[in-house]
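Structure, as structure tokens:
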Protein chains: 2
Amino acid sequence: MSLQSIADLACPAPLGASETVLLGHGSGGKLSADVMRGVFLPALGNPLLACLNDQAIVSIGEVKIALSTDSFVIHPLFFRGGDIGSLAVHGTVNDLAVGGAQPLFLSAAFLIEEGFPIDSLRRVVASMRRAADIAGVTVITGDTKVVERGKGDGLFINTTGIGLVPSDVELSAHRARPGDVILLNGSIGEHGIAILAQREGLEFESEIESDSAPLNGLCAAMLEASTDIRCMRDLTRGGLSSALNEIATQAHVGIDLRESAIPVREEVRGACEMLGLDPLYVANEGKLIAIVAPDAAEDVLRAMRNHLYGAQAAIIGRVTDSLAGMVTMRTPLGTSRIVDMLAGDQLPRIC
Amino acid sequence: MSLQSIADLACPAPLGASETVLLGHGSGGKLSADVMRGVFLPALGNPLLACLNDQAIVSIGEVKIALSTDSFVIHPLFFRGGDIGSLAVHGTVNDLAVGGAQPLFLSAAFLIEEGFPIDSLRRVVASMRRAADIAGVTVITGDTKVVERGKGDGLFINTTGIGLVPSDVELSAHRARPGDVILLNGSIGEHGIAILAQREGLEFESEIESDSAPLNGLCAAMLEASTDIRCMRDLTRGGLSSALNEIATQAHVGIDLRESAIPVREEVRGACEMLGLDPLYVANEGKLIAIVAPDAAEDVLRAMRNHLYGAQAAIIGRVTDSLAGMVTMRTPLGTSRIVDMLAGDQLPRIC
């Protein structure tokens, strides 16, 4: 495939009026970008929304506030390493944290299918509370809607969070520069594989748990270590690949990864091989990347490794001035391959 | 029914562990209060959430911020007088406005069923934009999730809004005092009847439109007219009755209405009679009540009547020191009846 045709894939044709929404439009991949660029931006477009960050940052009076929203439709609701309640807290906390914000308050909106067990609802809400306490955020307002049997799927949760952005923090993909270093806080693919294994009833030798975790403490420690962090992203739907492709596109830079530097646990690698999946595309819920100025990389890496959620942190690649908008990866054999964005879903309803 | 047995209804027994969620748990009536007091408050409880207002108000640095969230599951998506897009803007704008906040920014999260027409999505999003422009708010961040066919119902939208609360504004149901006056901005029941008519294919002599509208301008004009407004509530699920019962319970006061003073359009009254509904319980999306100190009532009423969305404003009753926690209504015949809160739904999925 020529570079031009790959570039065409990254800028898909506008959606036609007669089309319908596909599962892949919620994937975080190219189809998601289509619906964003073809439906939401033309109608709602404004400079903040157009940033396409996972959070928007606005000034209200003297304070800078970050706002982020996420609906959680994960199936199954309870999984190894978490449940929809803890996930709904971690997801929004992390979206705020990678914007440089200190997450403070959450809203929680429950969309329940008639017939859902009250006892399961209690378990989910108790889990939300524990996760919120650990992350240091408070659920201050909420909403409950119930839909008829067959018009929902048990339980969906939306959380929206507000956080305080220190006045000297300004993180944006647009600040990535050739020469910058890419840091990752640990091994990838565990959330997606844990969900898939449970959904499909697969058994692996060692049980794989979701990595779902609150990353606000880690982000704060990194920002404390250096003011030369360009941007951070958490690696959820679409995995490491989607996050890096988005940054490469937004910053008009190339990104070059070293495959051997990307931590993947043996069990996850084995499961991916068996299932024909690539860990680069599998969802995480406790992983982030940071693009960091070269001089700051060692300090930030040290701060990450000193944190519970960054013990396996690694430098996994660099920002380059060639192949702008693209992510490439050097394999252990010395060859280089393009790490494209997926069109649709590897695994639907992963978060 | 004795007053004691009515009081028992207002404080229902705790939910058992074996129960399941009913449609009525999303009604805004007593069953909603059950799930709030039986599930959400025990687990998530904190002073802000326990206020049970439609918005939470917090201080961040020097500014007071209001946060409010709502999921919209209305069926049908397009109705006379609006659609799920405009409703999702008005609903959250109004929840902020009745808290005394100036609504500023919204998040919008779309939960779409696979197969939903892109063209319908475009119409909804365009409508959101128009409604946001008119209300003076901006959608600054969003999320899209897609679920499989049969696991949703076309389109659900969550909006969460943040607003700025002037430092001298502090509205709360707890501030209502015997002698206070109850103001209503116009005729009730239009939203619910419009939705029901459309859903059931009913034809009335004159077509009834939803009253869905942004009330932030009206609220600002009222607060401008007097600082002696105790609290405001918009009248959505559960109608006028639910809003007043909530205030009576929270403030431990009685509320006495004059039936003849409550504006109801002839067509709505006729439809309600035909359908066996009571307009006091029917949902609105552009109506609010204000509890106002007696000396301020005339000023606030004048400000309301000068506003597009308050032309039919009226004094509909008073706060009393008898029958605390209860709402009563004097009929044109001079008798008095109790206006209780509904247990469940008159009309499910009305917003």
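The values are calculated or read from the model by the stated rules, or taken from the named source; none is laboratory data. Every value quoted in this text rests on a predicted model; they were computed, and no experiment measured them. Don't worry about glycine lacking a Cβ; one is built from the backbone with ideal geometry, like all the others, and counts go over all protein chains shown. Accessible surface areas use protein heavy atoms only, side chains included; no ligands, DNA or RNA. Shrake-Rupley method; radii C 1.70, N 1.55, O 1.52, S 1.80 Å.
Worth pointing out:
- Averaged over the residues of peptide B:118-128, the number of Cβ atoms from other protein chains lying within 10 Å of each residue's Cβ is 5.
- For B:L333, the distances from its label point to the matching points in the remaining copies are 9.1 nm, ordered from shortest, with each point set 7 Å beyond Cα toward Cβ.
- Over segment B:173-338, relative contact order from alpha-carbon pairs under 8 Å, at least 6 apart, %: 44
- For segment A:173-338, the fraction of 1.4 Å probe accessible surface lying on carbon and sulfur atoms is 46 percent.
- Across the options A:G100, A:V125, A:V139, the greatest Cα extent toward the positive end of the charge dipole of segment A:86-206 (unit charges at beta carbon of Lys, Arg, Asp, Glu) belongs to A:V139.
- Whether segment A:173-338 is rounded, prolate or oblate, judged on the alpha carbon gyration tensor where a/c under 1.5 counts as rounded: oblate
- Structure remark: mean-square fluctuation, Gaussian network model of chain A, C-alpha springs under 10 Å; the largest value among A:L215, A:L31, A:L288 belongs to A:L31.
- Normalised contact order of chain A, rounded percent, pairs of Cα under 8 Å and 6 or more residues apart: 23
- Calculated label separations, B:L41, copies of the chain, 7 Å along the beta-carbon direction, nm: 4.6
- Ordering of B:167-175, B:141-149, B:219-227 by packing is B:141-149, B:219-227, B:167-175, highest average first (other Cβ atoms within 10 Å, averaged per residue).
- Summed over both chains, the accessible area lost when B and A associate is about 6900 Å², using a 1.4 Å probe.
- Taking Lys and Arg as +1 and Asp and Glu as -1, the other residues whose beta-carbon sits under 13 Å from that of A:P166 total -3.
- Segments A:266-277, A:242-253 sorted - mean Cβ within 10 Å per residue, highest first: A:242-253, A:266-277
- Part-to-part distance (alpha-carbon centres) for segment A:147-201 and segment B:108-144, which is given in Å: 22
- Entry comment: accessible area of the protein assembly as shown is 37 Å² per residue, from protein heavy atoms only and a probe of 1.4 Å.
- The residues neighbouring A:A213, those whose beta-carbon lies less than 12 Å from its own, together hold a net charge of -4 under the Lys/Arg +1, Asp/Glu -1 convention.
- Chain-alone versus full-assembly comparison, segment A:61-101, residues with accessible loss of at least 40 Å² (1.4 Å probe): A:V63, A:L67, A:T69, A:S71, A:V73
- Protein accessible area in segment B:53-165, 1.4 Å probe - carbon and sulfur %: 45
- For the set B:K30/B:K151; A:K145/B:K287; A:K145/B:K30, the pairs lying more than 18 angstrom apart at their alpha carbons are B:K30/B:K151; A:K145/B:K287.
- Calculated label separations, A:P76, copies of the chain, 7 Å along the beta-carbon direction, nm: 4.0
- The distance separating the Cα centre of segment A:270-290 from that of segment B:240-288 comes to 55 Å.
- Kyte-Doolittle mean at least 0.0 and Cα axial length at least 18 Å: DSSP H helices in chain A: A:84-97, A:118-135, A:239-251
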